[in-house]
Amino acid sequence: MSMRRSLGLAAVGFLASVGYASAEGMIAGTIKGSDGAALRAVFVRAEKVDTKRTTSVLSNNQGRYRIPDLPPGKYQVWATAIGWRGTPARLADVSVAEGQTVTADFAMRSVPVLWHELTKAQAMTLLPEAPGRERFLTNCMNCHGMDKIVGRRDLEGWLYAIDTMRRVGVTTINPTVANEVAGYLAAVLAPDSATPQSPASLPAWKQLQMQWSDEALNIVYVDFPVKAGPAARPGVGEMDKNGMVWMETDNGIVRLNPETGETKAFYVPESMGDQGGIHEVTRDRSDDAIWWLTATGKNSLVRFDSRTEKFEVFPDPTKAPRVLQLDPNTPDKFPRVASGEGALGRKHTALVDFDGNVWMTGRPLTKFNPKTKEWTPFLEVPDVYGIDVDQAGNVWFAEFNGAETGSVGRVDPKTGKVTKFRPPSREGRPRRLHIDSKGDVWFGQYFNGSIGKFDPKAQKFTEYKLPGPYPTVYGFGIDHNDNAWGVSHFNEATFRVDPTGKVVAYPSPYITRGSRDLKVDAKNRMWGGIQPEYKIGYFYLAQP
């Protein structure tokens, strides 16, 4: 038995039909252009009205799409692609019932590409030269992309837009930097500037387009807003055994219930001191209720017990040496040594080894014993970024920022011996690092756009080049099937290298994400943050 009903949205050719499917609901349909031809690689998104959970899928070669596993309820649905628009922009109050499928067909029309739709890679290539350009690319684009640079304004207008970040509590901007950036934007993106209205009219535009294979259209993204204030811009999300997802925020930790969309923040008490920016959270290996937080600026480790909702703060007394740094935000100018040196002491990413010790990257590599409260620094690893532990208990690390380092390394936890292995491409610079089920060490190479693998038994490096402009791997993780996943910091791609070495680039519904370590859950879904959007979410591959 089936039922069909018109929703009166003929402009987009929307028609709802309901048929029995699985326990959860589904929205499916076809995407066509104004000429009636099928459109591929168009994102279709369904946002649940009450929880704001958003599921995003892509249309295939026939223009067909399916949004699976939707909890029953009301949804807003819309289709997006750079250079295309649906009319109207969204379909409201689309009801999805349990075990049923709703059909929604969209007609799209071609529109000019706008500057705020560019990826960082495209912007770095296409934005005109003018004083302040480098400041804009290195300072501003480190945290967000062009999606925040909307419209055209004069100098006063851009200064007001920059000051909005201070007014809403996101961050503060040095007045000198604000003036320099506003001056640049007013020169190139003012109402009367000579910059073309659409970047697609520039000769280099076509060369900057990613090419998506048919296989790449099978990816599904699901994300949730993090409603915990302007400082809650998560880069990492990890699920506990009860299905709750935990992530970092300034001076605390946030919990998301994916079923209800509810978020709750917990903050370090004032009596313990403001711990400032928390870089990542990681779950304790033996106690699922314990979470460890790395306080970057305060150079401390924070313990949170989710049962009692109590915090403990452990400052690191190590006097770390200063280390000459590389500028991590200019992949077009490697190797550029940053002015000055790194700050004394810094906590970055943590993991818990099989003995319950907490290891932290930053400056330098450190180990903390929660039982004895003893800190052990490894000064021969003065500046370190990614970290993981292999099946034998060896701790592996990746050196990224230090101008004079750049190795993948191993620490024997019993002897404390450090051994370093230098990748063949010095310009690669390993950033985040994870271990697969065979004990091979995988890492993202930020500056040369590749994913690397190191076989410790054979002591052999293998490098897998990634497609597209500036495929700078920032987010990184390994799933249960030994697929290595990387999220680019400068283009819109999600990359996968399977165990055979096959590379696939997948589109993303967001042009900028800022995902850090990608954490796999029991269902083999990869969780990561979407920092500029104040969201956390996961992705997985659907059956074709």
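The values are calculated or read from the model by the stated rules, or taken from the named source; none is laboratory data. Note that the coordinates shown come from a computational prediction; the quantities given were computed from them, not determined experimentally. So basically every Cβ, Gly included, is an ideal-geometry build from the backbone, and we count neighbours across all protein chains shown.
Of the residues 225, 199, 131, which single one is within 30 Å of residue 541 (Cβ to Cβ), touching a Phe, Trp or Tyr at 6+ places or on another chain (Cβ under 8 Å) and either buried (at least 19 other Cβ atoms within 10 Å of the Cβ) or at pLDDT 95 or above (or both)? Steps first, answer last, please.
Working: 199 fails: within 30 Å of residue 541 (Cβ to Cβ); 131 fails: within 30 Å of residue 541 (Cβ to Cβ).
Step by step, each of 225, 199, 131 is checked, and only 225 is within 30 Å of residue 541 (Cβ to Cβ), touching a Phe, Trp or Tyr at 6+ places or on another chain (Cβ under 8 Å) and either buried (at least 19 other Cβ atoms within 10 Å of the Cβ) or at pLDDT 95 or above (or both).
Residues to consider are 471, 499, 423; find the one that is of a type outside the set (A, V, I, L, M) and surrounded by fewer than 20 Cβ atoms within 10 Å (Cβ to Cβ).
On the way: 471 fails: surrounded by fewer than 20 Cβ atoms within 10 Å (Cβ to Cβ); 423 fails: surrounded by fewer than 20 Cβ atoms within 10 Å (Cβ to Cβ).
Every option except 499 fails the conditions.
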Go through segment 167-249 and tell me which strands (runs of 3 or more DSSP E), entirely inside it, have 2 or more residues that are in contact with a helix residue (DSSP H, G or I) (Cβ under 9 Å, 6 or more places away or on another chain) and in the same structural domain as residue 119 (by TED's automatic domain parsing). none
Unmet criterion (only one of (1) under 19 Å from the mean Cα position of the chain (by Cα); (2) of a type in the set (A, V, I, L, M, F, W, C); (3) not in a loop (DSSP other than H, G, I, E, B)) for residue 447: (3)
Taking the stated definitions as given, is residue 472 touching a residue at least 40 places away in the same chain (Cβ under 8 Å) and under 10 Å from the mean Cα position of the chain (by Cα)? no
Which condition does residue 485 not pass, out of (1) touching a residue at least 40 places away in the same chain (Cβ under 8 Å); (2) surrounded by fewer than 24 Cβ atoms within 10 Å (Cβ to Cβ); (3) assigned to a strand (DSSP E or B); (4) aromatic (Phe, Trp, Tyr), if it passes all the others? (2)
Checking the structure you have, find out if any residue of segment 321-330 is free of Cβ contacts under 8 Å to residues at least 40 places away in the same chain and over 17 Å from residue 363 (Cα atoms). no
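Could you go through segment 280-287 and let me know if any residue there is among the hydrophobic types (A, V, I, L, M, F, W, C), in contact with a Leu (Cβ under 9 Å, 6 or more places away or on another chain), crowded, with 18+ Cβ neighbours inside 10 Å and at pLDDT 95 or above.
Within segment 280-287, the subset among the hydrophobic types (A, V, I, L, M, F, W, C) is 281.
Filter once more, keeping what is in contact with a Leu (Cβ under 9 Å, 6 or more places away or on another chain): 281.
Now narrow it down to the ones that are crowded, with 18+ Cβ neighbours inside 10 Å: 281.
Filter again for at pLDDT 95 or above, leaving 281.
Yes, that holds for at least one residue.
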Being at pLDDT below 95, in the same structural domain as residue 128 (by TED's automatic domain parsing) and part of a helix (DSSP H, G or I) is the requirement here; does residue 161 meet it? yes
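This table checks each residue for (1) over 23 Å from residue 321 (Cβ atoms); (2) among the β-branched types (Val, Ile, Thr); (3) free of Cβ contacts under 8 Å to residues at least 12 places away in the same chain.
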site	(1), (2), (3)
356	yes, no, no
361	no, yes, no
370	yes, no, no
381	no, yes, no
385	no, no, no
405	no, yes, no
420	no, no, no
Contact list please: Cβ distance under 7 Å, first residue in segment 232-252 and at positive phi, second residue modelled with pLDDT under 95 and charged (D, E, K, R), pairs at least six apart or on different chains. 251/274
Number of the condition not met by residue 259 [criteria: (1) among the acidic types (Asp, Glu); (2) surrounded by 15 or more Cβ atoms within 10 Å (Cβ to Cβ); (3) out of contact with any strand residue (DSSP E or B) (no Cβ under 8 Å at 6 or more places or on another chain); (4) within 30 Å of residue 49 (Cα to Cα)]: (2)
Conditions (1) surrounded by fewer than 20 Cβ atoms within 10 Å (Cβ to Cβ); (2) out of contact with any Pro (no Cβ under 8 Å at 6 or more places or on another chain); (3) touching a residue at least 60 places away in the same chain (Cβ under 8 Å): number failed by residue 59: (1)
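Inspect all residues belonging to segment 221-229 and state whether any of them is farther than 29 Å from residue 26 by Cβ and without any contact (Cβ under 8 Å) to a residue 40 or more places away in the chain. Even if it seems obvious, please write down each step before you answer.
Within segment 221-229, the first condition is being farther than 29 Å from residue 26 by Cβ, and the residues that meet it are 228-229.
Now restrict to residues that are without any contact (Cβ under 8 Å) to a residue 40 or more places away in the chain: 228.
Yes; the residues of segment 221-229 include at least one that is farther than 29 Å from residue 26 by Cβ and without any contact (Cβ under 8 Å) to a residue 40 or more places away in the chain.
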Regarding segment 66-77, can at least one residue be identified that is more than 26 Å from residue 34 (Cβ to Cβ) and either free of Cβ contacts under 8 Å to residues at least 40 places away in the same chain or of a type in the set (Val, Ile, Thr) (or both)? yes
Given (1) without any contact (Cβ under 8 Å) to a residue 60 or more places away in the chain; (2) crowded, with 23+ Cβ neighbours inside 10 Å; (3) among the basic types (Lys, Arg); (4) closer than 20 Å to residue 441 by Cβ, where does residue 513 come up short, assuming only one miss? (4)
Reported set for segment 83-106 where residues are buried (at least 17 other Cβ atoms within 10 Å of the Cβ) and under 28 Å from the mean Cα position of the chain (by Cα) is 84, 86, 91
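Listed here are the residues, each with its yes/no results for (1) at pLDDT 95 or above; (2) within 30 Å of residue 264 (Cα to Cα); (3) out of contact with any Gly (no Cβ under 8 Å at 6 or more places or on another chain); (4) of a type in the set (Phe, Trp, Tyr).
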site	(1), (2), (3), (4)
23	no, yes, no, no
26	yes, yes, yes, no
31	yes, no, no, no
38	yes, no, no, no
60	yes, no, yes, no
Hits in segment 178-217 (condition: farther than 17 Å from residue 121 by Cα and among the aliphatic types (A, V, I, L, M)): 178, 181, 182, 185, 186, 187, 188, 189, 190, 194, 216, 217
Which residue is modelled with the lowest pLDDT, if the candidates are limited to segment 309-335 and must be of a type in the set (Val, Ile, Thr) and not in a strand (DSSP E or B)? 330
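Collect the residues in segment 497-517 that are touching a helix residue (DSSP H, G or I) at 6+ places or on another chain (Cβ under 9 Å), farther than 12 Å from residue 120 by Cα and not β-branched (Val, Ile, Thr), keeping them in residue-number order. Please lay out each step first, then the result.
Just the residues of segment 497-517 that are touching a helix residue (DSSP H, G or I) at 6+ places or on another chain (Cβ under 9 Å), to begin with: 504-507, 510-516.
Applying the additional criterion that residues be farther than 12 Å from residue 120 by Cα yields 504-507, 515-516.
Answer for segment 497-517, where residues must be touching a helix residue (DSSP H, G or I) at 6+ places or on another chain (Cβ under 9 Å), farther than 12 Å from residue 120 by Cα and not β-branched (Val, Ile, Thr): 505, 506, 507, 515, 516.
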With a cut-off of at least 1 residues that are within 20 Å of residue 220 (Cα to Cα), name the strands (runs of 3 or more DSSP E) lying wholly within segment 51-117. 54-58, 64-70, 73-81, 91-96, 100-103, 106-110
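Quick check: anything in segment 523-531 in the same structural domain as residue 423 (by TED's automatic domain parsing), among the charged types (D, E, K, R), out of contact with any Gly (no Cβ under 8 Å at 6 or more places or on another chain) and surrounded by 20 or more Cβ atoms within 10 Å (Cβ to Cβ)?
At the first step, the residues of segment 523-531 found to be in the same structural domain as residue 423 (by TED's automatic domain parsing) are 523-531.
Filter again for among the charged types (D, E, K, R), leaving 523, 525.
Retained after the next criterion (residues that are out of contact with any Gly (no Cβ under 8 Å at 6 or more places or on another chain)): 523, 525.
Then keep just the ones that are surrounded by 20 or more Cβ atoms within 10 Å (Cβ to Cβ); that gives none.
No: zero hits.
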